[in-house]
1. If you add up the charges near Thr82, with Lys and Arg at +1 and Asp and Glu at -1, over every other residue whose beta carbon is less than 12 angstrom from its beta carbon, what do you get?
2. Can you put His221, His128 in order, fewest other beta carbons within 10 Å first?
3. In a Gaussian network model over the chain where Cα atoms closer than 10 Å are linked, find which of Gly101, Gly154, Gly284 has the largest mean-square fluctuation.
4. So what's the chain giving for Rg/Rh, alpha carbon basis, Kirkwood Rh from the mean inverse pair distance?
5. Counting other beta carbons within 10 Å of each residue's own, what order do Val240, Val152 fall into, fewest first?
6. Under the rule of -39500 (n - 2.57) per DSSP H run of 4 or more residues, summed and divided by the residues of the chain, what mean residue ellipticity at 222 nm is obtained, to the nearest 500 deg cm²/dmol?
7. Which percent, to the nearest 5, of DSSP beta bridges fully inside the chain are antiparallel?
8. For the residues Phe9, Phe344, what sequence is obtained by ranking on other C-beta atoms within 10 Å, fewest first?
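Nothing in this text is a laboratory measurement; each read-out follows from the coordinates by a stated rule. On a predicted model such as this, the values are computed, not experimentally measured, just so you know. Because the Cβ atoms are built from the backbone with ideal geometry, glycine has one as well, and the counts that use them run over all protein chains shown.
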Amino acid sequence: MEIASGTLFEEIVRTFPGRPLGSASNAGLLAYIQNAFADSRLDVIALPFDCRFWSAGPSSLRVNGRTFPLFAGPFSPPCSGTGPILKIRTVDELIASETEGKILLLHDEIAAEPLMPKEFPFYYPDEHRRVIDCLEAHAPQAILAITGKDPVSGVNPFPLFQDGNFSIPSACSGEHEILAACQEGSTGSITITSAVETRPSRQLVGRRAGAGQERIIVCAHMDTAYRTPGAIDNTAGVAVLLELARRSAELQAGCTLDLVPFNGEENYAVPGQLKYLESLREDGATVRLVINLDAPGSVGSKNAFSLYNFPDEQRSQVTEIVAESEQAELGAAWYAGDHAMFAFNGTPAIAVTSSDLFEKVTDLTHTERDVPEVVDPDLLGRACDTVIKIVNRFV
Ligand SMILES: [Zn+2]
């Protein structure tokens, strides 16, 4: 009997909710997917790597008789100390300041958006490099960022840093009163409770071997951010991927097909992605097409297919297939998620997400509100139908 993605979705989201890389729940889903691939008669490849798992405890700033609770920065080193507080609003102010040994209070312009992890392999803007290089060169004791809602997820307040390779302890808060409480020349005591431990993990691939060196990749990231059940982001995509595995007999013979549950999309080091890209290079494989399933199935939405690097003729072929489903439409370009690393290289790629991604879904992602009820399981099965048609056109 066929197991639909709706059933897979329910099972995964109830059994393995919240799966940051290195967590027990992440390891549980790895074993589940490994079995599912084997049951679907795919070759199962496991690429091992080490990752860092983060945990946090109560953190706070005490200044002028008041105590403010803080959120420890993900992967921050722990810290507990007292020192002069220095408020900094812009990058130029940071560059001009003596910051050594101080508790930096970053706010306003300099804390307007999360900074990319150091040397992030697919995207590391110069503006972020300038800030991070300057901070590391002048060793402040700790950094407290006053932030608000993340522009690209529902997290509020967002951490300014999310980087296991960044050596300065950091925390964040959405409490602007901290700024008023810290007058010129204030001294404060900061405690950041945070721990990082190295754990083994792996990147799985479910492969149906075919002819030649070309591959078609269908992927969906299986890890979640911290502190979220990760129902739509991205249990929904994983369910479609596993339904595709179970229905792989419907796929026509052709080039090699890799089903890739990327493990690390939400992690600063993207270790699963890097392992898989390395394996492509070692195998001398070229990629014909990537289809990335990320956050499809939002209740009341349609499945949105956005295309990257498609020649006109192929674009119209995909457009025709998408038009065959009443539950699908072409989506707006979206340069985040696992298709982006392929799209930046000129590889033809398709992102499959929800048509209300920008209006609705991003505000739920990475929060406790990303629960099973936000996903319509029926849409996941429809997404799988359309993906099978597209793969069969290009295989
Ligand atoms: Zn995602």
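1. Working: positive: Arg62, Lys102; negative: none.
Surrounding charge for Thr82 is +2.
2. On the way: His221 30, His128 18.
Sorted ascending by nearby Cβ count, the order is His128, His221.
3. Highest fluctuation of the listed residues: Gly284.
4. On the way: Rg = 22.3 Å, Rh = 22.0 Å.
With Rh from the inverse mean 1/r over Cα pairs, Rg/Rh is 1.01.
5. Numbers: Val240 31, Val152 15.
Ascending Cβ contact count within 10 Å gives the list Val152, Val240.
6. Helix contribution divided over all residues of the chain: -8500 deg cm²/dmol.
7. If we restrict to bridges inside the chain, about 60 percent are antiparallel.
8. Neighbour counts put them in this order, fewest first: Phe344, Phe9.
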